[in-house]
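The block underneath contains the structure these notes are about, expressed in structure tokens.
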Amino acid sequence: MRNNTHLSPIKNTQPIALYSSEQVYAMEHAWFAEGYDSFGLMKQAAWQMTQQIEQVYERKTVSASHSTNTNVYHRSAHLRRASIWVGKGNNGGDGWLIAHYLQQVGWQVEVITVGFGENDFVIDDQSVTSNNKDSDSSNITDATKALQIALTSSCHYQRFEEIVSHDDSNRKDLPADVYIDALFGIGLDRAPEGAYKAAIKAFNNFTQQNNALAIAVDVPSGLVASTGEVFDRIAIQADVTLCLIARKFGLHTKDGTDYSGDVVDIPLIPYQKACQQTASHHMIPKKNTIQSFEPVATLLTAVHSMKARRQNSYKGSYGHVLVIGGNRVDGSQGMGGAAILSAASTMATGAGKITVACHEAFHGSLLTSLPDAMTINLHDASGVKNLVKQASVIAIGMGLGRDKKAEALFIEYLQAAIENEKSIVIDADGLYHLASLHRNNHQLATELREYSTKRRVCLTPHSGEAARLLEQKISEIESNRLQAIKQCAATYGGDWVLKGAGSLVLEQEEGKEQIYVCDVGNAGMATAGMGDVLSGVTAGLLAQQDLSAEARRLYQAVLIHGFAGDVLVNQANSDTNTLLVGQRGLQAQDMPAAIRHVMQLMLV
């Protein structure tokens, strides 16, 4: 499991460009259009992956053998064994060549083929040895050439279909130290079926039974490289993914975060240069070609650092946040906790002062937990609108309620925020009401969209809220999260977070959309109130005008939020006797203390 909580090394991590499958295919085609050989590129890829496989296995061996009392480890004397699972496409070709190269450097290799017939293993000596492009061998696919090279060097293979044809009681085990997945490439866009589905399950079982490394070629088979979707949980569970040419978007969002493990880049080609050369030679407008190679998103694992505050300052120097929520709807106990969590996180992030407009029933609880916050009755429209004028940032919607009275409050206070030109954060029930306004063609939805081109408006839905905003099913949102966040921005304007595994952030920068994937956080944060915490962090950063523009960005808020969750799950403080919380017990109320800790670590 990845550990992203040690902030010191993470501060130096550079952003990584993420691409779709279609873009990676275009990069390859541009390279080949320059006259470079496709099979030569396959051999180069396989050799570099072979070296990475050896390094990954060596690191595992050192880790397992290292003595706690010495700096000496004992190298295992047994023959290193690799089980390479190949399909019939180019990914399978990579696998055959990896088998060939691993055998050359001393590994015992066993190739498991899926989807092959007996006739596929007939060796054509001429195709293996010929360099004549005019010969018939030039019609043979690269994958077939790779297969024949491996067979010529006597790499042992078995057909998976023959292995599974036996009863389970008689099935032969396939022991190995490393299992290598070369079944599917980046073109997969549906659920694996038949023998491939069975092979993926068997691969995962063998890896687990033998406590072995699972290494995926390019993407784990079963994972959609452009979206991160896995169908019916049928995908290779990789410890390491060797990512070829360019980093795929799907490795870092939705299911990709669970299946890809550690991602190692193997760039292979200077694709931007190939793109420019192709545009020049083929008289293609360079601007149009370059755009196709612009990343669909940027992976972020590092927060922007912050400078220490000036001594000569006061609370007004760091902004005033007004949190509007925490209503008590007729017939229920209400959701005062949502507003309290948001307010606590706002203060932990460093806002100078905060007022919470919530139902009077929650004022006592609020002041007990946050005695330094100010309160006002949510239903005191005149008083709240007066505070809107005074505040720097308005965060609205957390526990506001979804009845007609709550909707009327949302409209009135959002209108006041726009009229007074305030930065706005909308979450939870605020998003619910915004969706209704849009559906009913309410003028305020149009006003907000226009307003977002002039002032900061941040909206932070999860997939369920995004589905309502776009009048789609949750499954539709989750099947293409990248498209969903673009649709949200196009429909409503503003900057957006689509929360989830590998949260997406879309921000408008000089009239152009920039999309980020925030590679922090953990499954323990899938609990009630975490979204309210994020809204507070977002509002708290926006309020602090002493911070740089980069330090007040929406993606910065998401990173701080995720790092705080990771600190709670992975780090214990022995000096203060702080307990490690862990994923199962993590609660939103734990977050403000961790946020303060992260904010301190960010100082330079």
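The values are calculated or read from the model by the stated rules, or taken from the named source; none is laboratory data. What you see is a predicted model, and the numbers here were worked out from it, not measured in a lab. Cβ coordinates were reconstructed from backbone atoms using ideal geometry, including for glycine residues, and neighbour counts include every protein chain displayed. Areas reflect the complete protein model, heavy atoms only, side chains present, ligands, DNA and RNA absent. Shrake-Rupley method; radii C 1.70, N 1.55, O 1.52, S 1.80 Å.
Listed values, structure above:
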| read-out | value |
| --- | --- |
| Of all accessible heavy-atom area on the chain, the percent that carbon and sulfur account for (1.4 Å) | 47 |
| Cut-off 13 Å between beta-carbons: net charge of the residues surrounding Ala351, Lys and Arg +1, Asp and Glu -1 | +3 |
| Dipole of the chain [Lys/Arg +1, Asp/Glu -1 at C-beta], most positive-end residue of Ala182, Cys518, Val105 | Cys518 |
| Whole-Å distance, taken between Cα centres, linking region 15-41 and region 499-548 | 32 |
| MRE, 222 nm, helices only [DSSP H, n ≥ 4, -39500 (n - 2.57), over the chain, to nearest 500] | -12500 deg cm²/dmol |
| Ranked by how many other beta carbons lie within 10 Å on average, peptides 203-215, 186-198, 343-355 from highest | 343-355, 203-215, 186-198 |
| Cα-based equivalent ellipsoid, region 436-576: semi-axes from gyration tensor eigenvalues, Å | 27, 19, 13 |
| Accessible area per residue in Å² at 1.4 Å probe, computed on the chain | 45 |
| Karplus-derived 3J(HN,Hα), 6.51/-1.76/1.60, for each residue of region 355-372, Hz, glycine and proline x | 10, 10, 8, 9, 4, 4, 4, 9, 4, x, 5, 4, 6, 5, 8, 9, x, 8 |
| On Cα atoms only, tilt of 271-281 relative to the major axis of the chain in degrees | 80 |
| Kirkwood hydrodynamic radius over Cα pairs of the chain, then Stokes diffusion coefficient at 10 °C and 1.306 mPa s, in µm²/s | 60 |
| Those aspartates and glutamates that a straight Cα-Cα span of less than 16 Å connects to Lys315, excepting residues fewer than 8 apart in one chain | Asp372, Asp546 |
| Proportion of all alpha-carbon pairs of region 328-412 beyond 19 Å (%) | 34 |
| Cα gyration tensor, region 385-467 - rounded (a/c under 1.5), prolate or oblate | rounded |
| Principal-axis tilt of helix 194-209 within the chain, Cα atoms, nearest 10 degrees | 80 |
| Cβ charges +1 (Lys, Arg) and -1 (Asp, Glu), total dipole of the chain, debye | 1800 |
| For region 338-494, alpha-carbon Rg over 2.2 N^0.38 Å | 1.05 |
| Qualifying trypsin sites (Lys or Arg not before Pro) in region 391-444, DSSP loop, other Cβ atoms within 10 Å at most 16 | Arg402 |
| Long-range amide H partners of Ala297 with built H, under 5 Å | Leu18 |
| Degrees separating the helix 38-65 axis from the principal Cα axis of the chain, which is the longest one | 70 |
| Cross-link pairs Lys385/Lys405; Lys422/Lys473; Lys353/Lys499 - those with Cα-Cα distance over 22 Å | Lys422/Lys473; Lys353/Lys499 |
| Hz values of 3J(HN,Hα) by residue in region 483-490 - Karplus curve (6.51, -1.76, 1.60), Gly and Pro given as x | 5, 5, 5, 5, 5, 4, 5, 5 |
| The chain: antiparallel DSSP beta bridges as a percent of all, rounded to 5 | 20 |
| Accessible-area value, Tyr57, 1.4 Å probe, nucleic acids and ligands omitted, Å² | 30 |
